[in-house]
1. Does region 180-192 include one or more residues that are over 30 Å from residue 411 (Cα atoms) and surrounded by 15 or more Cβ atoms within 10 Å (Cβ to Cβ)?
2. Checking residue 352 against (1) crowded, with 23+ Cβ neighbours inside 10 Å; (2) farther than 24 Å from residue 481 by Cβ; (3) of a type outside the set (Val, Ile, Thr), which test does it fail?
3. Within region 533-541, can one find any residue that is more than 30 Å from residue 116 (Cβ to Cβ), of a type in the set (A, V, I, L, M) and within 19 Å of the chain's Cα centre (by Cα)?
4. Just to verify a result, which residue in region 350-383, among those that are among the basic types (Lys, Arg) and farther than 10 Å from residue 394 by Cα, is modelled with the lowest pLDDT?
5. Among the residues of region 515-531, how many are closer than 14 Å to residue 81 by Cα and either more than 32 Å from the chain's Cα centre (by Cα) or modelled with pLDDT under 95 (or both)?
6. From the residues in region 434-466 that are hydroxyl-bearing (Ser, Thr, Tyr) and farther than 13 Å from residue 280 by Cβ, which one is nearest to the ligand (Cβ to nearest atom)?
7. Name the residue that is surrounded by the fewest Cβ atoms within 10 Å (Cβ to Cβ), counting only residues in region 45-62 that are part of a strand (DSSP E or B) and free of Cβ contacts under 8 Å to residues at least 40 places away in the same chain.
8. Checking residue 275 against (1) closer than 27 Å to residue 173 by Cα; (2) buried (at least 24 other Cβ atoms within 10 Å of the Cβ), only one condition comes out false. Which one?
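The values are calculated or read from the model by the stated rules, or taken from the named source; none is laboratory data. Predicted, not measured: the structure shown is a model, and the values here were computed from it. All Cβ positions, even for glycine, are placed from backbone atoms using ideal geometry, and neighbour counts span all protein chains on display. Heavy atoms of the whole protein, side chains included, go into the accessibility calculation; ligands, DNA and RNA do not. Shrake-Rupley method; radii C 1.70, N 1.55, O 1.52, S 1.80 Å.
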Amino acid sequence: MTDPYPEHMMESVRRVNATRDERKDMEFDRIPEEESDELLRQWHPDYRKSDAAFFRELAVGPAKGKIVPTEVANVLEAHPRVNPSDVDLSEVEYSTELLVIGTGGAGLSAILWANNEGIAMEDILVSTALRLGDSNSKMSQGGIQACDGKDDSPMIHWLDVLSGGHWTNDRPLARDLVEKGPLAIKWLESLGATFDKEQDGDMQLLMAGGASRKRIHSCKDYTGLELTRVLMDEALSRDVNTLEFCPTVSLLTDGSGAVAGGLLWNMETEEYHVVRSKATVIATGGFGRLHVAGFPTTNHYAATCDGLVSAYRVGADIIHMQSTQYHPTGAAYPEQIVGLLVTEKCRSMGAQLVNDDGEAFIYPLEPRDVESAAELKEIGEGRGITTPTGQDGIWLDTPMIDKKRGEGALEDGLAAIYRLFTRFGIDPTEYPVLVHPTLHYQNGGIAINRDTQVVKPDGSPIENLFASGETTGGVHGDNRLMGNSWLEIVVFGRKSGISAAKHAKKAKMPKKSDLSLAHLDKYSKELEEAGIETERRTPIILPNYLGENTMKATGYGKEKPFKRRLDLFA
Ligand SMILES: Cc1cc2nc3c(=O)[nH]c(=O)nc-3n(C[C@H](O)[C@H](O)[C@H](O)COP(=O)(O)OP(=O)(O)OC[C@H]3O[C@@H](n4cnc5c(N)ncnc54)[C@H](O)[C@@H]3O)c2cc1C
């Protein structure tokens with residue numbers, strides 16, 4: 001059989017193989033807090049606030065003065081994609097009780113619960129960038145946290161969420177998250193989700209990085225596919241009314257500042273659709289495709305921060321946007337799959353991170369920011385492995401899984417990962433796989449209150465506007481733990497559906513004559529007054545990897561070509 005790696009990498013693999021037996025029963029200590037703080041400070045991109053290549057202060061909008069990643073500042077400090085004078089708002093095509101934007105787990109949960117709350121399905125209109133259900137939610141792998149184990153409780157889960165978030169979380173939101181965990185699992189099971197079970201029928205629970213109890217519920221390593229399947233099936237069986245390939249490019253207001261619907265762009269016919277609604281839920285997910293700090297990403301193509309951009313222009317505050325989650329194990333070889341996720345479940349099942357010398361250098365289940373920083377340190381100090389295309393990486397010693405759990409454990413519990421690598425001739429039961437931190441999750445986002453109403457910097461709600469899921473911030477503080485996002489989208493997706501439905505039942509339909517895009521003109525004026533001259537237009541909708549558009553939207557100019565800046569830590 002031919003070797004799956006070039007010879008210089010095989011030499012390193014042999015060093016990893018040589019230490020496997022001695023590492024098998026190795027006991028790892030969690031890093032003391034002072035040490036992990038120091039590691040983060042020196043090696044995590046989030047801690048480079050004073051470096052203009054990474055961060056910039058916002059010069060316009062409700063969060064003016066806040067520091068955000070440069071790529072986020074670029075999409076916010078951009079002209080609206082739509083020119084208000086090109087749109088005839090008197091041509092209202094849809095009048096609906098509820099507009100839901102996005103069909104990942106948060107949007108789908110919102111739709112189902114708004115319907116449960118009494119809004120008829122035909123009175124809910126759904127805008128989605130791609131097809132129904134195309135999302136990060138569907139791509140998720142490892143699992144969902146919920147504190148239903150015998151030795152667990154909402155309080156223990158809550159403390160894990162807070163310590164993972166460096167105690168910066170919105171505590172009431174974090175409390176709502178954990179308290180509803182067991183119910184979320186029951187609801188998903190009632191819709192037909194098949195979670196992995198032990199031989200005796202008990203739920204199989206695994207440990208997540210940064211957690212103190214086993215509370216990951218998974219469906220092999222394609223949990224998101226299974227959970228999205230049941231949510232989509234339920235929505236389809238209730239005849240969900242979806243406009244596919246019709247992203248929302250702006251919110252509408254009624255002239256007084258209250259949100260009155262959305263402006264959708266039909267990607268197939270290249271026409272606008274004017275939608276007026278009594279309530280609107282933004283569930284557009286995160287920003288992976290902005291390639292913050294030049295990192296590759298695990299995210300789907302429509303993860304371009306659109307909902308946040310639209311909300312910002314109607315006055316929404318944004319929080320925790322200075323913090324980005326880099327997942328420690330993105331694929332780093334072969335080149336075709338660079339950035340794709342290698343689930344944390346690998347480490348939950350026993351895989352270790354190992355350097356070029358065959359040394360395991362960190363407890364495998366530290367929080368993700370700490371793991372990523374530790375990898376970047378190993379690479380930065382010369383103990384990484386470099387591929388023929390110049391991509392650096394660290395070994396994830398996957399053969400350790402079968403060694404610890406018995407033959408077949410990896411193929412059974414990590415079927416998708418097995419397939420991901422064997423397609424390229426790398427059998428992860430025999431050979432370690434190469435990984436590097438990859439941009440995974442938007443920790444911060446649109447500010448919401450406990451009813452999921454979108455709020456302004458003074459905490460007052462923006463009338464008729466709700467948001468849930470990865471596009472929002474607060475629950476996870478500055479760092480999310482694995483499995484808490486799927487919990488968030490079920491818990492807060494539900495809440496946003498219920499809150500928006502309750503609101504729509506009381507609200508009046510905005511008058512056609514009041515529909516307005518004046519806030520976009522106002523925003524452009526603010527850019528002008530701040531001296532920002534730019535051709536960037538957002539929301540992006542989809543990145544254009546042909547180059548120029550992505551470069552403009554994310555701020556990379558010709559002088560700074562769009563490429564991975566993996567030498568940042570050199
Ligand atoms: C590869 C991968 C693995 C993961 N694994 C886990 C895991 O094991 N456990 C866990 O808890 N979390 C995991 N996560 C994170 C988690 O899956 C996401 O944070 C979560 O699913 C986000 O859900 P959402 O509904 O908020 O957004 P998404 O699921 O991303 O959905 C957003 C939706 O909005 C649409 N959209 C975007 N822009 C527009 C627009 N302008 N107009 C209309 N529609 C728009 C998108 O097409 C999509 O339908 C993973 C993420 C990835 C990428």
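1. yes
2. (2)
3. yes
4. If we take residues in region 350-383 being among the basic types (Lys, Arg) and farther than 10 Å from residue 394 by Cα, then 368 is modelled with the lowest pLDDT.
5. 0
6. Once the filter is applied, the top-ranked residue is 441.
7. 57
8. So residue 275 meets the others, but not (1).
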